[in-house]
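Here's the structure, in structure tokens; my notes come after.
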Amino acid sequence: MHRALDQLFLRPEAILVDGNRFNAYEDIAHHCIIKGDAKYYSIAAASVLAKTYRDDIMNQLHKEYPLYDWLGNKGYPTKKHRAAIKEHGPTPYHRMSFKLLPEGE
């Protein structure tokens, strides 16, 4: 989120965060709102834009790595996706900070 904030042309008066965690950014007030997308139109709109953008990325990843079923999982670990990781290993796009496979797989 900090990288996104760094790219803004206008300085926000406050930051609304959907969730319960956020590291303070400069001296700008922030508010963490659990289920914020159901309470604030601005958070809901940002959520829609983020999901649409993510879906576009998943579509491109599917073209490059069709064995991982990016179209079917949209970034979430389905059985088919995990089986592809187990058989072929992770792609450069997998976030290695996440547990890709459950223990013992």
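The values are calculated or read from the model by the stated rules, or taken from the named source; none is laboratory data. What you are looking at is a predicted structure, and each value in this text was computed from that prediction instead of being measured. Every residue, glycine among them, receives a Cβ derived from its backbone with ideal geometry; neighbour counts consider all protein chains shown.
Here Cys32 passes the criteria (1) in contact with a helix residue (DSSP H, G or I) (Cβ under 9 Å, 6 or more places away or on another chain); (2) closer than 26 Å to Asn20 by Cβ except the one numbered (1). Taken across segment 76-85, residues that are β-branched (Val, Ile, Thr) and touching a residue at least 12 places away in the same chain (Cβ under 8 Å) do occur, with at least one present. Residues that are assigned to a loop (DSSP other than H, G, I, E, B) and more than 16 Å from the chain's Cα centre (by Cα) were ranked within segment 50-77; the one that is nearest to Lys35 (Cα to Cα) is Asp69.
Can you tell me which residue within segment 66-105, out of those that are of a type in the set (Ser, Thr, Tyr) and more than 15 Å from Arg54 (Cα to Cα), is modelled with the lowest pLDDT? Write out each step before concluding.
Within segment 66-105, the subset of a type in the set (Ser, Thr, Tyr) is 68, 76, 78, 91, 93, 97.
This time we only want the ones that are more than 15 Å from Arg54 (Cα to Cα), so: 68, 78, 91, 97.
On the way: Tyr68: 91, Thr78: 88, Thr91: 91, Ser97: 75.
Within segment 66-105, the match that is modelled with the lowest pLDDT is Ser97.
In segment 28-49, the residue that is surrounded by the fewest Cβ atoms within 10 Å (Cβ to Cβ) out of those that are in a loop (DSSP other than H, G, I, E, B) and more than 18 Å from the chain's Cα centre (by Cα) is Lys39.
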